[in-house]
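Here is the structure we will look at.
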Amino acid sequence: MRQGSRFLAIALCLAPLFAQSDRGAITGRVFDPSGAAVPAASVAALHQATGVRYTATTNEAGNYVILQLPVGGYEVSVSAAGFRRFVQRGIEINVAQTATLDVSLEVGQVDQAIEVTAYAALVESSTSDLGTVISRERILDLPLSVSGNMRNPEAFIFLAPGVTGDSANTQINGSQSRAKEVLLDGVGSTSPESGGILFTYPSVEAIGEFKLVSSNYSAEYGRTGGGFEVFTTKSGTNELHGSLFNYLRNDVFDARGFYPATTPVNRQNEFGAAVGGPVLFPKLYNGKNRSFFHFVYSGFRFRAGATNQLLSIPPEDFRRGDFTRAGRPVYDPATTRVENGRTVRTQFPGNVIPQSRFSQVSRNMLAVVPAPTNGGVLNNFLSVGARRFERDQVNIKIDHAFSDRSRFNAFAYIGTQNNIDAEALPNPLSASLNRDYRSRWIRLNHDLILTAATLNNFRAGFTREGEYWRKLSVNQDWPSKLGLRGVNEGPGNVFPLVTFTDGFTGWANEQKSAGAQVNNTFQVSDTLSHIRGSHSLKFGVDARWLQTNGVDPFLNQGRFDFNALGTGLPGTAASGNGFASFLLGQVHRGEQNILAYAPANRYSYVAFFVQDDWKATRRLTLNLGLRYDIYFPRREKNNNLSGFDPDLPNPGAAG
């Protein structure tokens, strides 16, 4: 069944918005001293950093719009036969901004020019959206925390009003968590399965500007329940620029607490280099005013000190079967009988279990349990495991102008990271995972001016986020070493999960063993813009194919829970001991999961929209939009999804 939603918006504004794009626009009217429209006037916007020109021509109503402008400073010029040339410099276009510039031409020769060098900043009165822009300067100047990972560009979202939560579970103007959309160079970047989340992200050094569009966005924006984070990546310019950076946190700079004698180890280091400029091949190609690149390498290293927490492992006397310090009588389950209608058992003499009664599997497990660090029954083991985290990534942006009518840019982000959890207990009893993340993002944009009044923007993107995990005890043949049968003994085998009551820390207390999940998103979008009279028309389509491929054979190693019931007196609460039950192999609860198949879930989405920004008068524009979103039902690649129909008889039950 297809599910769709229609969106009709009528708003008062002064110009169009530009569909899920990070680019800006300049729009306005050109008129003569009497206020009459000047048709066929040439309007040009020169990007001052790159020398690339963007052009438009006014129509019969004197209207013009220059679309798909990269962020930065511009010089705008307007010329028409019989009028002096108009030039205004220093116009700053931010990410996803639509600026209005109305121009009144003076009668004169076209080789005469009127230059405006001082002006009031252009107000974004041409759009109905509400949002917050974080400029390039603020991105460079504002500090971001280096706290267990690289600096996160999403942290800028909290500079905008109405934003609460954190970068993963974000609420915008009271929206639900994980409802936002994140656009990088106009392409969606969130996870298919966990909406609104970026599992990894490009370096802050690769981000040019950021804008949070929080409300009143046009029909060109969709697939969100809480707003848009719009990021644009940095591009090279005509000047070659480079930088080195190093953000350091180190415990040698930290003051110790009031009680501790030393400061804990905390060494975090984000470092790298960035370089950008024109594409130059000496004697072969000079890309000034035409071809540009921007490259960033960023690395991160994190070493945390020991956790220094006290855990509880069975003391040495308990391991020998001596439970005189247990504080409870321990009973022999082999003596269970009924006397006078009551189930009874015989206590082990001296509260000591003979070692000859130990389970062989339990005996084998005891061989890998570390010795306590003090003589207590509980809180007797000092954990000194430390976390290690390493991350590397490269980001590259290429811009190329084939001509004044055809422009192309591409962005690629390749990242790897490795995270090894701190070991609370040493391997193989550790619950720690060794996790790898591999990221591959590609963004493609092409702008083609078909006629003086028609522009087409094509976008394509690919986002791949792969997570691969394994326990530290993986593929070490622990089931065979322990003599444990019936669990996974093949590839991906790990030490079984064991839990106790009576306050003891569980062993290998993590359900995952070895697995992977890879999320892919393919996106293709196209927007056709056309100006006709007082109407600025847009027609667009956005199609996405999303995949979640996962292999998570959790608990295939088996889980074994031990409590006091195995060695307690039935009906008597203050009796028995969970570790005593373990020694005898008295499992209270066991669980094992078997992976029947590796799911490959597929999701599809397509949206169509039409936008008409009608300048009804010189002071009023009606923004009319219609959007149709189709969310196709989830399916599994090999048709392995099932459901429940209460009205369908069960043939297996003679229904």
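The values are calculated or read from the model by the stated rules, or taken from the named source; none is laboratory data. In this text the structure is predicted, and so the values were computed from the model without any measurement. No Cβ is skipped: glycine too gets one built from the backbone with ideal geometry, and neighbour counts run over all protein chains shown. The protein model used for the area step is the full one, side chains on, heavy atoms only, and it has no ligands, DNA or RNA in it. Shrake-Rupley method; radii C 1.70, N 1.55, O 1.52, S 1.80 Å.
A few remarks follow.
- Whether a residue is modelled with pLDDT of 95 or more, touching a Lys or Arg at 6+ places or on another chain (Cβ under 6 Å), exposed (fewer than 14 other Cβ atoms within 10 Å of the Cβ) and β-branched (V, I, T) was assessed, and T346 does not pass this test.
- The residues on offer are P633, P646, P570, and the sole one that is open to solvent by 80 Å² or more (accessible area, probe 1.4 Å), more than 26 Å from V494 (Cβ to Cβ), not basic (K, R) and not in a helix (DSSP H, G or I) is P646.
Yes/no per residue for (1) of a type in the set (G, A, S); (2) surrounded by fewer than 24 Cβ atoms within 10 Å (Cβ to Cβ):
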| residue | (1), (2) |
| --- | --- |
| D22 | no, no |
| V30 | no, no |
| L46 | no, yes |
| G73 | yes, yes |
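- Scanning segment 205-222 for residues that are in contact with a helix residue (DSSP H, G or I) (Cβ under 8 Å, 6 or more places away or on another chain) and surrounded by fewer than 22 Cβ atoms within 10 Å (Cβ to Cβ) gives a single hit, G208.
- Residue list for segment 481-527, filter: modelled with pLDDT of 95 or more and open to solvent by 50 Å² or more (accessible area, probe 1.4 Å): K481, F522, V524
- Residues (touching an Asp or Glu at 6+ places or on another chain (Cβ under 8 Å) and open to solvent by 80 Å² or more (accessible area, probe 1.4 Å)) located in segment 259-291: P264, R267
- Segment 94-153, subset at pLDDT below 75, open to solvent by 60 Å² or more (accessible area, probe 1.4 Å) and part of a strand (DSSP E or B), residue farthest from L248 (Cα to Cα): E115
- Every test in (1) assigned to a helix (DSSP H, G or I); (2) under 30 Å from A573 (Cβ atoms) is passed by N364 save one, and that test is (2).
- Residue within segment 82-90 that is within 30 Å of T132 (Cβ to Cβ), under 33 Å from the mean Cα position of the chain (by Cα) and in a strand (DSSP E or B) present: no
- Checking the stated criteria, N556 turns out to be under 30 Å from S473 (Cα atoms), open to solvent by 10 Å² or more (accessible area, probe 1.4 Å) and either of a type in the set (A, V, I, L, M) or not in a strand (DSSP E or B) (or both).
- When segment 396-421 is limited to residues that are assigned to a strand (DSSP E or B) and under 30 Å from S383 (Cβ atoms), the one that is most open to solvent (accessible area, probe 1.4 Å) turns out to be T416.
- Residue match in segment 598-609 (condition: surrounded by fewer than 19 Cβ atoms within 10 Å (Cβ to Cβ) and part of a loop (DSSP other than H, G, I, E, B)): yes
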